[in-house]
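Inspection log for the structure reproduced underneath, given as C-alpha cells.
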Amino acid sequence: MIKLKPVAAAIMAITSINAFADGSVIGEISDASGKLSGAKISIVGANFVTASDKQGKFNLSRLPPGQHTLKIDYLGYQPKEVMINVTDNQEVNLGALQLSYAADSLQEEQAIEEVVALGYMHRGNMLAMNMQKEAHNIKNILSADGIGKLPDRNAAEAVQRMPGISIERDQGEGRFVAVRGLPAQWNSTSINGDRLPTAEEETTSRAVAFDFFPTDMIEMVEVSKAITPDMEGDAIGGNVNFITSRAPDEQIFTINIAAGDSEKAQGGSQSFNVLYGDRSADGRFGYLVNATAWERDWATDNYEPRRAIDDDGIAGVHRLELRDYTGTRTTYGLNASAEYLLDNGLVFAKAMYGTLSDEETHYKHRIRFNKNRVELQEIYNELITEMHGFQIGGEHDLDLNTQLNWQLSTYENTFKYGDIPNKEDNAYYVVKFKQAVEFDDEVGQRNGSDTGSSLVYNTIDGGTDPGREIGSHLSDDWVMDPQQAVLADVELYGIDVKERDKIVLQLDLTHAYNAQLELKTGFKYREKERNASFYDKFYGWNEAEYGPTPTMADIADDLGVELKDQPGRSDYLDGDMPLSYHQHFSQVIPVNDLKRWWQQNQHKLTFLPGDSQTVENGGGLNRNFDLTESHTSLYGMATYQLSDELTLLGGIRATHTDTEVDGYVAVENDSGTSVEPEKGSKKYWSVLPSLHLTYELDDLRQVRMALTRTFARPDFGQLSPGATYLEMENQLKSGNPELDPTYSNNFDLMYEHYFDNAGMFSVGYFYKQITDPVFSQTYQGSYRDQSVTVKSPLNGDDAWLHGIEFATNTSLGFISPAMENFGFSFNFTLMDSEMDIPGRDDKVKISRQADELYNFAFYFDNNNFSARVAVNHKGEYIEDHGSNADLDTYYGDYTSVDATASYYLTDNAMVYLELNNLTDEPLEYYTGSAQRPNQIEYYGLRGQIGIKYDFF
C-alpha cells in the first residue's frame with residue numbers, strides 16, 4: 001500500500017461493522033485524516049437509513065436476519081456498497097482498509113479503498129456539507145478545517161462567514177454572535193450543548209462575549225436555525241453551538257506558533273498553541289490537552305460627537321470626544337478532555353478555561369461646547385474576563401436499541417478590573433484636566449441664526465458642520481496648555497460581575513421503537529446565580545486644606561517627571577478623517593506615573609457625593625443586584641422515517657423559569673431620598689412545540705420545512721430595579737422587573753441541492769411572529785439639573801420578521817478541469833421586520849435587526865497550497881429607538897475584507913499568513929442618519945505569519 005500525505009489524499013474506510021442477531025448493525029466511518037461525521041448509511045432496497053455521528057459511529061436498528069447490501073454515501077467520495085450477513089452468532093468485522101468476514105471455513109476479502117486528491121479546505125467543506133445534509137433540522141456546520149482557512153482568531157469571528165450570522169465587535173475583534181440579524185441576546189450560544197454564564201464590562205444581557213475563547217480550541221460549530229425539542233428553546237434566531245475536541249483515536253502532537261503586527265499599534269502580536277492527545281494500548285482510555293496563548297498590541301482612533309436634544313427636538317452636538325486608545329490584549333485558553341470506553345458505551349470528562357486581559361491606555365480630549373471648556377482625560381485600566389467550566393458525562397447502550405446519555409456541568413464567568421490604580425481601588429482609573437476656552441460664533445448656529453443652545457449642528461439639520469467634519473471651533477493655533485489645564489477630578493469607575501451556573505444536569509434517553517421510529521425524551525436543569533456590583537466615584541482636590549487645585553504641569557513637577565507628547569498623537573485619525581485635531585492636543589503625564597500620584601496624594605482629594613454613583617447615595621442602582629434563577633425543562637420528541645424520501649421530527653419542550661432579583665430603589669419622601677432594598681420575581685412556563693420535515697427529492701436534493709416556537713428571557717440588567725447614571729455617556733439607564741419574556745412562532749422553508757464534489761447551494765424563506773418584544777426606549781430627560789438621555793426597557797406590541805437566505809459553495813471545475821482547484825462561496829440573507837412602539841405613530845424595525853448580511857470568498861486549494869480572500873458585510877440596524885425616526889440611534893453597516901494563505905513545506909509542516917481588515921473599515925454609530933454620527937472607530941490592518949507542525 002502506498003502511504004500518502006493526509007492533506008493530499010483521503011481514504012474512506014469503515015473501521016468496524018458488527019451485525020448482531022437481533023438485527024442491529026453498528027460501525028464506524030473514517031478516512032486517512034480522521035472520523036467522518038454525516039456519512040449516510042442505508043440498506044439497499046429497504047427503508048433503513050441512518051448517519052454517522054460526530055465520532056463517525058452509526059447504528060442501524062431492527063434489521064431482519066439475512067443478507068443485505070449496506071451502502072455508504074459521503075459527498076466527495078464515490079458511493080460504496082458492502083455485503084453483510086445477519087445471522088445468529090455471526091459477527092462481521094471490517095478493518096480500516098478491507099472488509100473481512102468469515103462464512104464457515106471460507107475467508108473472503110473485499111477492498112473498498114478510494115483515494116482522491118484533497119486539500120485541507122476541501123476536506124473541511126466535505127465534512128460540513130455531509131453533516132448538514134444528513135441532519136433532521138435546518139442547520140449549518142463549520143469544521144475545524146473550515147475555521148482554519150480564514151484569519152479568525154476567536155469564537156465569535158469563526159462563525160461570521162456562515163449564512164445568516166453576524167457579529168458585534170470591540171476594538172476591532174468579534175465579541176457577540178447574532179443569527180439572522182436579530183439581537184445577540186435573542187439567540188443562544190453554547191459550548192458542547194450548554195449555554196454559558198455571561199460577564200462583561202458594560203453588557204448586562206444574556207449574550208455571551210466570545211472574544212475570550214480562541215478558535216484553536218474549537219473542533220466544530222453547529223448553527224441550528226430551527227430548534228428541535230432536545231435543544232434549549234431560548235433561541236428566537238437560533239443556536240450557535242461550539243464543540244470542543246474529544247480524545248483522539250491515536251497519538252497526536254501539534255504546535256502552532258505565529259507572530260504579527262498591527263498598523264495602528266506600536267507593538268506586535270505573538271500566538272502559541274499546543275495540542276497533545278493519546279490513547280492507551282488497549283484503546284479504552286484516551287485524553288487530549290489543548291493550550292493556547294495570544295498576546296497582541298492594538299490601537300483605535302475614535303471620534304465621538306455626543307448629542308443633546310434642543311427645544312425644537314433637534315439633536316445637536318454638546319461635546320466632541322476625541323479618543324485615542326492603545327492597549328495590550330492577552331488571551332489564554334485551555335481545553336482538556338478524557339474518556340474511558342466501557343463495554344456498553346463510555347464515560348468522559350471535559351474542562352475548559354479561557355481568559356482575556358486587556359491593559360488599556362486611553363487619552364480622551366473632550367471639547368465641551370455647552371461648558372466653554374476643553375477637557376483631557378487620562379485613562380488607565382485593565383479589563384479581565386475569566387471563564388472556567390467542568391463537565392462529566394456518559395453515553396451508555398442499555399441494549400442495542402436504547403441509549404442513555406447524561407452529563408453534569410458547572411461553569412463560572414467573571415469580569416473585574418485589574419489592580420489599577422492599586423489593589424484596593426481596582427477600577428477604570430480616570431484623571432481629568434480642564435481648561436476654559438471661548439468658541440467661535442458658529443456654535444449654536446442653525447439655518448443662519450443663533451439658537452442660543454450652545455450646540456453644534458450638522459449640515460443635515462441646517463447647521464455648519466458636516467458629519468465627519470465637526471470642527472473644534474477653536475482658533476487654528478490653540479493648544480491645550482499644561483500650565484492652564486487644572487485638575488478637574490479623579491474618577492474610579494468600578495464593576496465586578498460574577499455569574500455561576502452552579503449545576504447543569506441533563507439526561508437523554510433514546511430508543512429505536514422500530515426500524516422507522518426513534519423516540520427521545522429528556523430532562524435538563526440549571527441553577528444560576530449572578531452577583532453584580534457597580535460604582536462610579538469622583539474625587540476633587542481639597543483646596544481648604546491643601547491650597548489651589550494643581551495644574552497638569554504642577555502634578556508633573558510634583559512627580560518629578562517630564563510631560564510627553566501623547567503616544568501616537570501625530571497619527572491620530574491621520575488619513576481617516578477630513579479634519580485634523582491633534583494640533584489641539586496637550587502633552588500628557590505618563591499613566592504609570594499617575595498611578596503613583598494617586599498613591600501619594602489620595603488623602604488630598606475629597607469624595608464628591610453629588611457627582612458620584614454609589615448605592616449609598618442612590619446612584620447606580622440598576623447595576624447593583626443579586627439574581628438567582630432556575631431553569632427546568634422536560635421534552636419528548638420522535639423521529640419517523642415515513643418513507644425512503646420523507647422524515648418527520650416532532651415533539652414538545654416545556655421549560656419553567658423561576659427568577660428572583662434583589663436590588664435597590666430610591667424612594668422620595670418628605671425627609672428626602674432614601675435607598676431601600678427591593679425584591680422582584682418572575683415565574684413562568686414556556687411550552688415550545690416543534691415539527692420538522694425533510695423530503696428527499698433524490699440523493700442530492702431535498703426540501704426542509706420547520707414549524708417551531710421559541711422564546712427569549714429578559715436581560716439581567718432589564719430585570720433589575722433602580723436606575724444608573726453613566727457620566728461618561730451622559731445616560732440614565734433604568735430597569736423594569738415586570739418585563740415579560742418574548743416569544744416567537746417560526747416558519748422555515750429550505751431547498752438544498754448538493755453536488756458529488758461536496759459543493760452545494762440552498763435557498764430558503766423564514767418568518768417569525770414575535771410577541772412582547774423588549775425594546776430600549778430612549779428619550780431626553782432631566783437628572784440632577786442637567787439634560788440626560790434616558791434609556792428604559794419596555795415590552796412592545798407584537799412584531800414580525802421575515803427574510804430569504806441563499807448560500808452556495810463550489811469549485812470551478814464545472815467550467816474547466818483546469819480550474820478544479822479554484823472555487824468560491826457566497827451567501828446572503830435579506831430581512832425585514834416591523835413592530836409597534838407605544839408613543840410612536842410610525843412602524844419601526846426590531847431593535848438590532850439588520851436588513852442584509854452577505855459573505856463572499858474566492859479560494860485556491862490544492863495538495864500543498866491554499867489561499868482565500870473573503871468579504872463579510874452586515875447592514876445597519878437600529879440600536880435604540882428614539883421618540884421619532886430622526887432620533888433612532890443606529891449601528892452602521894460594516895464590510896470587512898480578510899485574507900489567508902498556507903503552504904505545506906513537508907508532510908508535517910505548514911506555514912501560513914493571516915491578514916485582517918485590509919480596507920481599514922470603520923465602526924460607526926449615528927442618530928437618524930449617517931450624516932449625524934455619534935461614534936466612528938478606526939482599527940487599521942493587522943496580520944500574522946505562523947507555522948504549524950504535526951509531530952504525529
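The values are calculated or read from the model by the stated rules, or taken from the named source; none is laboratory data. Small disclaimer: the values here were computed from a predicted structure and weren't measured. Virtual Cβ from ideal backbone geometry, glycine too; neighbours counted across all protein chains shown.
Points to keep in mind about this one:
- Members of the range 605-628 that are assigned to a strand (DSSP E or B) and either under 34 Å from the mean Cα position of the chain (by Cα) or on the phi > 0 side of the Ramachandran plot (or both): Gln613, Phe625, Asp626, Leu627, Thr628
- Selected residue [under 30 Å from Thr385 (Cα atoms) and either surrounded by fewer than 20 Cβ atoms within 10 Å (Cβ to Cβ) or modelled with pLDDT under 95 (or both)] from Asp419, Asp399: Asp419
- The condition (being in contact with a Lys or Arg (Cβ under 7 Å, 6 or more places away or on another chain) and of a type in the set (Asp, Glu)) is satisfied by just one residue among Asp920, Asp888, Asp907, Asp898: Asp907.
- Single residue of the range 359-378 satisfying the filter (charged (D, E, K, R) and either in contact (Cβ under 8 Å) with a residue 40 or more places away in the chain or not in a strand (DSSP E or B) (or both)) that is surrounded by the fewest Cβ atoms within 10 Å (Cβ to Cβ): Lys371
Let's see how each residue does on (1) assigned by TED's automatic domain parsing to the domain that holds Gly650; (2) buried (at least 21 other Cβ atoms within 10 Å of the Cβ):
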{"site": "Gly233", "(1), (2)": "no, yes"}
{"site": "Asn256", "(1), (2)": "yes, no"}
{"site": "Ala259", "(1), (2)": "yes, no"}
{"site": "Ser262", "(1), (2)": "yes, yes"}
{"site": "Tyr276", "(1), (2)": "yes, no"}
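- Residues within the range 324-343 that are in contact (Cβ under 8 Å) with a residue 40 or more places away in the chain and under 30 Å from Phe585 (Cβ atoms), tallied: 6
- Residues of the range 506-520 satisfying the condition of being in a strand (DSSP E or B) and either free of Cβ contacts under 8 Å to residues at least 12 places away in the same chain or out of contact with any Pro (no Cβ under 9 Å at 6 or more places or on another chain) (or both): Gln506, Leu507, Asp508, Leu509, Thr510, His511, Ala512, Leu517, Glu518, Leu519
- Single unsatisfied condition, Asn187 versus (1) in contact with a Gly (Cβ under 6 Å, 6 or more places away or on another chain); (2) surrounded by fewer than 21 Cβ atoms within 10 Å (Cβ to Cβ); (3) under 29 Å from Leu509 (Cβ atoms): (2)
- Selection of the range 788-819 for residues being of a type in the set (S, T, N, Q) and either closer than 19 Å to Ile837 by Cβ or not in a loop (DSSP other than H, G, I, E, B) (or both) yields Thr789, Ser792, Asn795, Thr808, Asn809, Thr810, Ser811.
- Lone qualifier among Ser690, Ser762 - being of a type outside the set (D, E, K, R), modelled with pLDDT of 90 or more, closer than 21 Å to Pro163 by Cα and surrounded by 20 or more Cβ atoms within 10 Å (Cβ to Cβ): Ser762
- Note on the range 592-621: residues that are modelled with pLDDT under 95 and of a type in the set (Ser, Thr, Tyr) amount to 2.
- Selection of first residues in the range 184-195 that are without any contact (Cβ under 8 Å) to a residue 60 or more places away in the chain and of a type outside the set (Phe, Trp, Tyr) and of second residues that are buried (at least 24 other Cβ atoms within 10 Å of the Cβ) and outside any strand (DSSP E or B), restricted to Cβ pairs under 6 Å at least 6 apart or on distinct chains, gives the following pairs, ordered by first then second residue: Asn187/Ala235; Asn187/Gly237; Asn187/Gly238; Ser188/Asp234; Ser188/Ala235; Thr189/Val208.
- Output for the range 877-918, where each listed residue is part of a loop (DSSP other than H, G, I, E, B) and under 30 Å from Pro305 (Cβ atoms): Gly882, Ser883, Asn884, Asp888, Gly892, Asp893, Asn917, Leu918
- Just so you know, in the range 321-355 the residues that are in contact with a helix residue (DSSP H, G or I) (Cβ under 9 Å, 6 or more places away or on another chain) and over 21 Å from Glu219 (Cβ atoms) include one that is surrounded by the fewest Cβ atoms within 10 Å (Cβ to Cβ), and it is Arg329.
A quick yes/no check of all residues on (1) modelled with pLDDT under 80; (2) of a type in the set (D, E, K, R); (3) part of a loop (DSSP other than H, G, I, E, B):
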residue: Met1; (1), (2), (3): yes, no, yes
residue: Ser16; (1), (2), (3): yes, no, no
residue: Asp22; (1), (2), (3): yes, yes, yes
residue: Gly27; (1), (2), (3): yes, no, no
residue: Ser30; (1), (2), (3): yes, no, no
residue: Ile41; (1), (2), (3): no, no, no
residue: Phe58; (1), (2), (3): no, no, no
residue: Leu63; (1), (2), (3): yes, no, yes
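- Top-ranked residue in the range 566-579 [being loosely packed, with under 13 Cβ neighbours inside 10 Å and small (Gly, Ala, Ser); ranked as nearest to the chain's Cα centre (by Cα)]: Gly575
- Within the range 551-569, the only residue that satisfies the criterion of being in contact with a helix residue (DSSP H, G or I) (Cβ under 6 Å, 6 or more places away or on another chain) and closer than 23 Å to Arg368 by Cα is Arg569.
- When Leu404 is tested against (1) touching a Lys or Arg at 6+ places or on another chain (Cβ under 7 Å); (2) modelled with pLDDT of 95 or more, only condition (1) is not met.
- Residue that is surrounded by the most Cβ atoms within 10 Å (Cβ to Cβ), among those in the range 835-876 that are among the charged types (D, E, K, R) and in contact with a Phe, Trp or Tyr (Cβ under 6 Å, 6 or more places away or on another chain): Lys874
- Search result, residues across the range 541-565 that are in a strand (DSSP E or B), at pLDDT 95 or above and either aromatic (Phe, Trp, Tyr) or surrounded by fewer than 16 Cβ atoms within 10 Å (Cβ to Cβ) (or both): Trp541
- Candidates Thr919, Thr927, Thr900 - the one that is surrounded by fewer than 20 Cβ atoms within 10 Å (Cβ to Cβ) and in the same structural domain as Ser271 (by TED's automatic domain parsing): Thr919
- Count of the range 234-282 residues, restricted to those that are part of a loop (DSSP other than H, G, I, E, B) and among the β-branched types (Val, Ile, Thr), is 1.
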